[in-house]
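**Student:** Please find one structure pasted underneath; my questions will follow.
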Number of protein chains: 2
Amino acid sequence: MKLGTIGAVTGWLLVFLSVALLLPIGFSLYYHDGNAWVFIVSSLSGASLGGLLAWSCLPGREIGHREGFAIVGLAWLAAAALGALPYYLSGAIPSYLDAYFEAMSGFTTTGSTILERVEILGPGLLFWRALTHWLGGMGIIVLSIAILPVLGIGGMQLFQAEMPGPTKDRLAPRIQDTARILWGVYVLYTLGEVILLMLSGMDFFDAICHSFATLATGGFSTRTASVGGFGSPLIDYIIVIFMILAGMNFSLHHRLFKGDFKAVIKNEELKFYLGMGTGATLLIMVVNYLSHTYGSLGESLRFSSFQVWSILTTTGFGTADFDKWSPVCRFALVTLMFIGGMAGSTGGGIKQVRILLFWKFTRMQIRKLIHPRAVEAIKLDGRRVPAEVMQSILGYLSLYLVVFVVATLIVTGQGVDILTGSTAVIATLNNIGPGLAGVGATQNFAGIPALSKVVLILCMVAGRLELYTLAVLVVPEYWKGTDLPRWRWQGRRG
Amino acid sequence: MKLGTIGAVTGWLLVFLSVALLLPIGFSLYYHDGNAWVFIVSSLSGASLGGLLAWSCLPGREIGHREGFAIVGLAWLAAAALGALPYYLSGAIPSYLDAYFEAMSGFTTTGSTILERVEILGPGLLFWRALTHWLGGMGIIVLSIAILPVLGIGGMQLFQAEMPGPTKDRLAPRIQDTARILWGVYVLYTLGEVILLMLSGMDFFDAICHSFATLATGGFSTRTASVGGFGSPLIDYIIVIFMILAGMNFSLHHRLFKGDFKAVIKNEELKFYLGMGTGATLLIMVVNYLSHTYGSLGESLRFSSFQVWSILTTTGFGTADFDKWSPVCRFALVTLMFIGGMAGSTGGGIKQVRILLFWKFTRMQIRKLIHPRAVEAIKLDGRRVPAEVMQSILGYLSLYLVVFVVATLIVTGQGVDILTGSTAVIATLNNIGPGLAGVGATQNFAGIPALSKVVLILCMVAGRLELYTLAVLVVPEYWKGTDLPRWRWQGRRG
């Protein structure tokens with residue numbers, strides 16, 4: 001393993017983020033929130049540290065399999081370390097751990113917050129918060145569609161052949177092409193949402209912040225009351241539509257733009273995703289109406305559809321306090337929390353394609369009991385799912401449960417009650433945002449003990465990196481044959 | 001499928017139970033509880049109905065694969081229908097649904113009760129309650145070691161070769177031998193516990209009822225305060241030891257008696273089971289001590305070990321209200337609820353061997369990411385686990401989650417709160433007994449709405465039959481080619 005490569009890539013990432021840190025300055029100056037200096041200092045710190053790292057580390061000629069895991073894991077940890085600076089320097093979040101939590105929640109597009117009132121941040125920091133979502137979302141699309149499949153992780157291996165991305169066992173050449181195409185779609189949708197939200201009465205600042213948070217399925221809002229604070233059905237429905245789009249596989253969007261409607265319509269995962277969201281919306285709409293939570297079916301549809309898609313796509317925006325809904329609605333939402341968006345979207349969770357394949361696999365096992373000698377293959381979109389992919393997906397569920405149980409044991413071990421503790425883990429591991437009870441839609445993560453915050457931060461990264469990436473890093477075998485990095489001042493050797 | 005065979009076997013089962021229904025009469029008469037007539041009427045009803053069924057149905061020459069599923073499923077439903085009669089006829093449980101719930105809870109060795117105070121039943125009915133556990137436990141041992149493997153279900157396929165049971169694809173010839181050996185062990189342990197409990201100060205009635213409930217990992221006690229009502233550390237520890245024995249694979253006990261200690265000591269599932277129980281006991285003991293729930297480590301060990309083994313083996317006896325313990329203890333217990341005893345024991349849950357193999361499978365998936373080309377086999381006790389067995393086990397977890405989610409949605413849909421509803425499903429699906437909150441250790445299932453009770457009853461059966469057995473019955477393909485039964489009065493045709 002070449003630590004030099006890892007250092008160099010991380011350095012460049014910090015330099016890139018330092019440029020991004022200059023963007024909020026415009027809003028800080030325009031709104032006179034007095035935080036412009038915070039971004040300048042943060043940017044300079046990031047640029048000098050990152051530049052030094054990038055300059056001094058000698059990268060290898062290509063990025064191998066092993067370096068890939070370390071880079072992907074380290075990228076998020078380093079990004080949040082720099083991204084936390086503005087919150088901390090401004091004094092808005094006095095604890096660096098809390099600031100790190102907020103920044104990680106941004107970059108992993110989780111949307112959990114430690115702030116009781118987000119308005120205290122002021123426009124500059126609120127924009128930075130939204131921007132961390134948007135940049136994180138960009139990273140995730142490339143990660144899930146171009147990088148993870150090469151590392152052998154994630155449902156997207158299935159689509160590898162159709163993708164404009166790389167098909168060989170090394171990261172690099174065609175990732176840039178893939179990224180350019182997908183980011184084009186991402187930017188286009190963001191612009192579209194900004195325009196529609198402004199037409200519905202939002203100002204530019206709110207529109208861009210909410211669009212960033214929607215497309216990244218992040219969930220940070222500029223208001224403590226989240227999207228509910230705007231009180232506009234039109235805004236609600238516009239955001240629902242863009243949440244649904246953000247939870248879709250971005251390579252499908254690419255196909256849509258190329259006019260390949262047939263492939264999109266036939267896509268099994270898409271049908272499953274839309275069917276599940278629609279089914280859950282109908283169930284919860286009816287229950288909320290019958291239990292008199294809302295006066296009319298229309299009102300019930302508005303609030304039920306918003307919370308369902310917000311949770312299912314793991315965005316985490318809120319327009320209603322679903323913690324006050326009846327038990328079946330809350331339990332349905334907790335179930336949706338585990339499922340999440342489609343593979344190759346910015347959404348978190350276990351992912352639709354995995355759930356779909358679990359289900360097919362289970363049905364096959366039942367049929368096998370009736371016809372023990374029948375050999376049946378699991379198919380997706382008419383093609384056979386390779387056994388290794390199926391195994392990787394089955395192992396994922398198992399690993400998921402292990403991480404969930406261990407994390408919840410640590411959090412509840414610090415005295416957090418069961419419902420708060422378990423849903424805090426679910427909300428971060430699936431990159432959603434709010435949980436139930438003490439971390440419910442109208443609550444925040446401020447009261448969680450420090451060690452538990454660290455665990456939840458790791459959950460955010462683990463969920464975002466589809467668990468395996470982080471799991472690999474803790475296996476001793478992975479580190480075998482690791483050399484110390486070669487530094488530039490030692491001269492090039494070998 | 002031969003419905004005649006199914007009818008005949010069910011008929012014989014009812015006749016057998018009618019004989020068992022005569023046993024409580026002794027206690028009823030001795031203690032003058034006035035319920036002797038109840039057992040006579042119930043026994044006569046069962047014998048006449050069962051006899052008629054057995055006489056009139058023409059069985060096929062052998063019991064095939066398909067009939068096996070239906071018989072196994074129907075046996076429990078029919079047994080509970082008859083077993084509920086004494087509760088109902090005596091007037092102790094005025095609702096037949098509640099009586100059916102209590103009987104099913106008995107036969108499936110679940111131990112959940114709808115009674116606020118069990119003492120109102122009187123000795124005769126209390127003995128019957130314990131006897132349903134014991135008979136159910138007998139059925140389960142044979143089911144899991146001899147019948148399910150033939151149907152292709154359950155972790156026990158793995159041990160098939162070593163078992164004295166059948167190895168061919170038809171139920172029948174050697175099942176009787178297996179049953180005789182295993183029941184011998186079962187009876188021996190029961191007698192052993194009765195004697196030890198009596199030596200510790202219990203009277204014969206309490207000793208036999210508690211021994212029945214322990215060996216079956218059932219959990220019905222003769223007191224509302226459960227084993228805690230006796231307030232004796234000695235009794236607590238004796239029951240802990242027999243719970244541990246009851247949660248072990250009964251074929252291991254058979255080997256122990258044959259002097260084959262080596263095989264027992266080397267058994268990986270046994271090590272995993274004992275390790276998990278010991279680890280959980282230590283964790284909860286320390287937390288309970290540090291949080292001042294108990295004054296001394298010794299006291300904490302006594303109550304922690306009892307609740308841990310009671311939950312892990314899915315017995316469900318209680319000596320402490322664990323709903324008052326700290327969140328991490330409660331969450332740890334909920335986790336143990338899912339795991340359960342060893343395969344081939346009377347315990348419920350997902351079973352130790354499945355959890356162990358999940359874990360091995362997951363580790364293998366992680367190692368594969370580091371060495372993508374390495375081909376590795378999963379081994380248990382030094383032997384390769386066949387791919388089909390591994391798949392069946394993986395599908396089991398998936399099916400388990402589906403059943404858990406659907407059942408909890410229905411229960412919470414009737415207004416039961418999330419923690420009560422979800423743990424009620426967990427407690428019945430894993431055949432444990434108590435859950436948390438509204439169905440916690442000091443509560444009961446009386447307040448659960450009727451439809452939810454039906455769902456929980458189905459959960460008990462589904463959990464007991466390792467899900468697949470019931471799942472198969474709801475697949476339309478299973479019913480293809482089913483003829484109407486041939487009745488004796490139509491004469492033998494074909």
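**Student:** Are any of the residues in region A:377-392 within 21 Å of the chain's Cα centre (by Cα) and either more than 29 Å from A:R363 (Cα to Cα) or hydrophobic (A, V, I, L, M, F, W, C) (or both)? Break it down into steps so the answer makes sense when it comes.
**Tutor:** Pass one, region A:377-392, residues within 21 Å of the chain's Cα centre (by Cα): A:392.
From what's left, either more than 29 Å from A:R363 (Cα to Cα) or hydrophobic (A, V, I, L, M, F, W, C) (or both): none.
No, region A:377-392 has no match at all.
**Student:** Mind listing just one residue for me: the one in region B:449-461 that is without any contact (Cβ under 8 Å) to a residue 60 or more places away in the chain and open to solvent by less than 10 Å² (accessible area, probe 1.4 Å) and, of those, farthest from the other protein chains (Cβ to nearest Cβ)? Spell out how you get there, then give the answer.
**Tutor:** Taking region B:449-461 as the starting set, the residues that turn out to be without any contact (Cβ under 8 Å) to a residue 60 or more places away in the chain are B:449, B:451-452, B:455, B:458-459.
Now narrow it down to the ones that are open to solvent by less than 10 Å² (accessible area, probe 1.4 Å): B:452, B:459.
Values: B:S452: 11, B:C459: 15 Å.
Top of the filtered list is B:C459.
**Student:** What number goes with the only condition from (1) in the same structural domain as A:S345 (by TED's automatic domain parsing); (2) farther than 24 Å from A:A78 by Cβ that A:L429 does not pass?
**Tutor:** With respect to (1) in the same structural domain as A:S345 (by TED's automatic domain parsing); (2) farther than 24 Å from A:A78 by Cβ, A:L429 is out only on (2).
**Student:** Which numbered condition trips up B:S48, out of (1) of a type outside the set (V, I, T); (2) touching a residue at least 12 places away in the same chain (Cβ under 8 Å); (3) in a helix (DSSP H, G or I)?
**Tutor:** Single failed check for B:S48: (2).
**Student:** I want to confirm something. Restricting to region B:362-381 and keeping residues that are open to solvent by less than 60 Å² (accessible area, probe 1.4 Å) and more than 8 Å from chain A (Cβ to nearest Cβ), which single residue is farthest from A:T469 (Cα to Cα)?
**Tutor:** This residue is B:D381.
**Student:** Going by the conditions given, is B:G349 assigned to a loop (DSSP other than H, G, I, E, B), modelled with pLDDT of 90 or more and not basic (K, R)?
**Tutor:** Numbers: assigned to a loop (DSSP other than H, G, I, E, B): yes; modelled with pLDDT of 90 or more: yes; not basic (K, R): yes.
Yes, satisfied.
**Student:** Restricting to region B:86-102, give me the number of residues that are under 16 Å from B:V41 (Cα atoms) and either touching a residue at least 60 places away in the same chain (Cβ under 8 Å) or not assigned by TED's automatic domain parsing to the domain that holds B:L126 (or both).
**Tutor:** Residues in region B:86-102 being under 16 Å from B:V41 (Cα atoms) and either touching a residue at least 60 places away in the same chain (Cβ under 8 Å) or not assigned by TED's automatic domain parsing to the domain that holds B:L126 (or both): 1 in total.
**Student:** Inside region B:382-403, can you point out the residues that are hydrophobic (A, V, I, L, M, F, W, C), at the interface with chain A (Cβ under 8 Å from one of its Cβ atoms) and touching a residue at least 12 places away in the same chain (Cβ under 8 Å)?
**Tutor:** B:L394, B:L397, B:L399
**Student:** Do we have A:A246 as in contact with a Phe, Trp or Tyr (Cβ under 6 Å, 6 or more places away or on another chain), closer than 30 Å to A:G440 by Cβ and hydrophobic (A, V, I, L, M, F, W, C) here?
**Tutor:** Numbers: in contact with a Phe, Trp or Tyr (Cβ under 6 Å, 6 or more places away or on another chain): no; closer than 30 Å to A:G440 by Cβ: yes; hydrophobic (A, V, I, L, M, F, W, C): yes.
No; evaluated as a whole, the condition is false for this residue.
**Student:** Name the one entry in A:L234, A:L252 that is more than 24 Å from A:R330 (Cβ to Cβ), open to solvent by 70 Å² or more (accessible area, probe 1.4 Å) and not assigned by TED's automatic domain parsing to the domain that holds A:G382. If you could, list the steps in order and put the result at the bottom.
**Tutor:** Values: A:L252 fails: open to solvent by 70 Å² or more (accessible area, probe 1.4 Å).
When all the criteria are applied, what remains is A:L234.
**Student:** If you scan region B:410-421, which residues turn out to be open to solvent by 10 Å² or more (accessible area, probe 1.4 Å) and facing chain A (nearest Cβ under 7 Å)?
**Tutor:** B:G413, B:G415, B:V416, B:D417, B:I418, B:L419
**Student:** Just need a number here: residues in region A:322-338 that are under 15 Å from the mean Cα position of the chain (by Cα) and either small (G, A, S) or surrounded by fewer than 23 Cβ atoms within 10 Å (Cβ to Cβ) (or both).
**Tutor:** Total meeting the criteria: 1.
**Student:** Conditions: (1) modelled with pLDDT of 90 or more; (2) surrounded by 21 or more Cβ atoms within 10 Å (Cβ to Cβ); (3) facing chain A (nearest Cβ under 7 Å). B:A407 meets all but one. Number of the miss?
**Tutor:** The single condition B:A407 does not satisfy is (3).
**Student:** Would you mind finding the one in A:T190, A:T217 that is closer than 26 Å to A:A427 by Cα, part of a helix (DSSP H, G or I), open to solvent by less than 10 Å² (accessible area, probe 1.4 Å) and in contact with a helix residue (DSSP H, G or I) (Cβ under 9 Å, 6 or more places away or on another chain)? Steps first, please.
**Tutor:** On the way: A:T217 fails: part of a helix (DSSP H, G or I).
Step by step, each of A:T190, A:T217 is checked, and only A:T190 is closer than 26 Å to A:A427 by Cα, part of a helix (DSSP H, G or I), open to solvent by less than 10 Å² (accessible area, probe 1.4 Å) and in contact with a helix residue (DSSP H, G or I) (Cβ under 9 Å, 6 or more places away or on another chain).
**Student:** Just a yes or no: is a residue in region B:24-35 of a type outside the set (S, T, N, Q) and closer than 30 Å to B:L467 by Cβ?
**Tutor:** No, the conditions are met nowhere in region B:24-35.
**Student:** Now, a different point. Which residues, taken from region A:327-356, are at the interface with chain B (Cβ under 10 Å from one of its Cβ atoms) and of a type in the set (K, R)?
**Tutor:** Residue satisfying the conditions is A:R330 alone.
**Student:** Which residues, taken from region A:282-304, are within 23 Å of B:V406 (Cα to Cα), out of contact with any Cys (no Cβ under 7 Å at 6 or more places or on another chain), in a helix (DSSP H, G or I) and open to solvent by 10 Å² or more (accessible area, probe 1.4 Å)?
**Tutor:** Correct list: A:L282, A:L283, A:M285, A:V286, A:Y289, A:L290, A:L301.
**Student:** For region B:308-328, which positions are within 22 Å of B:G229 (Cβ to Cβ) and without any contact (Cβ under 8 Å) to a residue 60 or more places away in the chain?
**Tutor:** Residues satisfying the conditions are B:V308, B:K324, B:W325.
**Student:** Quick one: which residue in B:G341, B:G349 is under 30 Å from A:G415 (Cβ atoms), open to solvent by less than 10 Å² (accessible area, probe 1.4 Å) and not aliphatic (A, V, I, L, M)?
**Tutor:** On the way: B:G341 fails: under 30 Å from A:G415 (Cβ atoms).
Testing whether each residue is under 30 Å from A:G415 (Cβ atoms), open to solvent by less than 10 Å² (accessible area, probe 1.4 Å) and not aliphatic (A, V, I, L, M) leaves just B:G349.
**Student:** Let me ask something else about it. Among the listed residues B:A437, B:A424, B:A446, identify the single one that is of a type outside the set (D, E, K, R), more than 10 Å from chain A (Cβ to nearest Cβ), under 23 Å from B:A225 (Cβ atoms) and over 18 Å from the mean Cα position of the chain (by Cα). If you could, list the steps in order and put the result at the bottom.
**Tutor:** Numbers: B:A437 fails: more than 10 Å from chain A (Cβ to nearest Cβ); B:A424 fails: over 18 Å from the mean Cα position of the chain (by Cα).
Checking each option against the conditions leaves just B:A446.
**Student:** Can you spot a residue in region B:365-377 that is part of a loop (DSSP other than H, G, I, E, B) and in contact with a helix residue (DSSP H, G or I) (Cβ under 6 Å, 6 or more places away or on another chain)? Spell out the reasoning first.
**Tutor:** Just the residues of region B:365-377 that are part of a loop (DSSP other than H, G, I, E, B), to begin with: B:371-377.
Those left that are additionally in contact with a helix residue (DSSP H, G or I) (Cβ under 6 Å, 6 or more places away or on another chain): B:376.
Looking for residues that are part of a loop (DSSP other than H, G, I, E, B) and in contact with a helix residue (DSSP H, G or I) (Cβ under 6 Å, 6 or more places away or on another chain), one finds at least one in region B:365-377, hence yes.
**Student:** Quick one: would you say A:G275 is open to solvent by 10 Å² or more (accessible area, probe 1.4 Å), more than 14 Å from chain B (Cβ to nearest Cβ) and out of contact with any helix residue (DSSP H, G or I) (no Cβ under 9 Å at 6 or more places or on another chain)? Steps first, answer last, please.
**Tutor:** On the way: open to solvent by 10 Å² or more (accessible area, probe 1.4 Å): yes; more than 14 Å from chain B (Cβ to nearest Cβ): yes; out of contact with any helix residue (DSSP H, G or I) (no Cβ under 9 Å at 6 or more places or on another chain): yes.
It is true that A:G275 is open to solvent by 10 Å² or more (accessible area, probe 1.4 Å), more than 14 Å from chain B (Cβ to nearest Cβ) and out of contact with any helix residue (DSSP H, G or I) (no Cβ under 9 Å at 6 or more places or on another chain).
The values are calculated or read from the model by the stated rules, or taken from the named source; none is laboratory data. Everything numeric here is computed off the predicted structure, so don't read it as measured data. FYI the Cβ positions are ideal-geometry reconstructions off the backbone, even for glycines, and counts take in every protein chain you see. Surface accessibility is based on the protein's heavy atoms, side chains included, excluding ligands, DNA and RNA. Shrake-Rupley method; radii C 1.70, N 1.55, O 1.52, S 1.80 Å.
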